[in-house]
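Below is one structure, written out as structure tokens; comments come after it.
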Amino acid sequence: MKNKILIILLFNIFISKAQNVLSLYRDKVPGSENWSWQEKEIISDPVNQLHTVYNVTKPTLMVYSPDKALNNGTTVIICPGGGFHHLAIDKEGTRIAKWLNSKGITAFVFKYRLVKTEFDTSGKEIPFSLDDRKKFDSIIVPVVSFAITDALIAIKYVREHAAEYAIEKNRIGIMGFSAGGAVATGTVFSPDGIGSRPDFVAAIYAYTDPFKEILVPSDAPPAFIAAATDDLLVPATSSTKLYNDWIAAGKSAELHIYSKGGHGFGMSKNNLPVDSWIDRFGDWLGLQGLL
């Protein structure tokens, strides 16, 4: 019981750091109207206080705005990863947002719809196996399309409310990690019928298996791509292929492949060159004129 209270207390402190939490849907969410379970969170690493969010049924955006004196009008919507079963909301979400704020960029940490996940009595997630990729893909297929739809609506919402956050409508990007990388790039592959095409995209060890064939559209934005060679969950070849597809389509892209870093390095400190990927992202943003 004490542990449960501690988790709730820490979560409340964590949430309070966001200036606002925005719901993307006013009423029931189309396609998942009958989802009755409640969104929950747990501290997956008590030492480093890494928060994991799961059972998301109602997509939201957590707003992180920079100091007014620093604000440069650029925005990034951040899609944390977690195999569409949970969200690494801290190392692939809020920590990224704070770094972006330091560069004058407004950040929106995005919680998209997920597969229903169970935890045992000790608070440990009942594992899902990636050994059988076909089975895994069959589980996540329904929610992948939901998550991409949520992301498209998120981009549209931010663009329509740009003035409220002192941001520019043509400087709205989206960034995703692992499964979140599929969500982010999915907004580029989807037809842009609602003004939801991002102005730039960043795919970090992106899980691209949901896309049987990647067709980079003629209006694809510049892309930043990063991964590690020793990633055992999502092969680095997924990122190199994404880069090659972008270049083959005549679109701008930058690729960084690190020899070590594994999967899910995010904003963790591993005392490896991969720790500097976020600085390379900053360099790339500067080259794009977004700083």
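Read the figures in this text as sums done on the coordinates, not as results from a lab. These figures come from a predicted structure and were not determined experimentally. Cβ sites come from the backbone with ideal geometry, for glycine too, and all protein chains shown count toward neighbours.
The table below lists the values:
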quantity: Quotient of Cα Rg and 2.2 N^0.38 Å for the range 151-291, N being how many residues it contains; calculated: 1.03
quantity: C-alpha center-to-center spacing [the range 80-107, the range 241-291] in angstrom; calculated: 15 Å
quantity: Cβ-placed point charges (K, R +1; D, E -1), dipole of the chain about Cα centre in debye, nearest 20; calculated: 500 debye
quantity: Kyte-Doolittle at least -0.5, axis length at least 27 Å by Cα - qualifying DSSP helices, the chain; calculated: 133-160
quantity: Sum of side-chain charges, Met267 neighbourhood, beta-carbon under 10 Å (Lys, Arg +1; Asp, Glu -1); calculated: +1
quantity: The chain - Rg and Dmax from Cα coordinates, angstrom; calculated: 17.9, 57
quantity: Ranked list, fewest to most other Cβ atoms within 10 Å of each Cβ, for Arg280, Arg159; calculated: Arg280, Arg159
quantity: Paramagnetic reach from Glu168 in the range 213-236 [backbone N under 18 Å; point 7 Å along Cα→Cβ]; calculated: 221-224
quantity: Residue-count net charge about Ala220 - beta-carbon cut-off 12 Å; Lys, Arg +1, Asp, Glu -1; calculated: -2
quantity: Dipole of the range 139-259 [Lys/Arg +1, Asp/Glu -1 at C-beta], most positive-end residue of Leu152, Ala206, Ala163; calculated: Ala163
quantity: Estimated vicinal HN-Hα couplings, Hz - the range 211-219 in sequence order (Karplus 6.51, -1.76, 1.60; Gly, Pro = x); calculated: 9, 4, 9, 8, 10, 6, x, 5, 9
quantity: Links that overshoot a 31 Å alpha carbon limit, given the list Lys40/Lys169; Lys91/Lys135; Lys91/Lys169; Lys135/Lys241; Lys98/Lys251; calculated: Lys40/Lys169
quantity: The chain: calculated mean residue ellipticity at 222 nm from DSSP helix runs of at least 4, using -39500 (n - 2.57); calculated: -9500 deg cm²/dmol
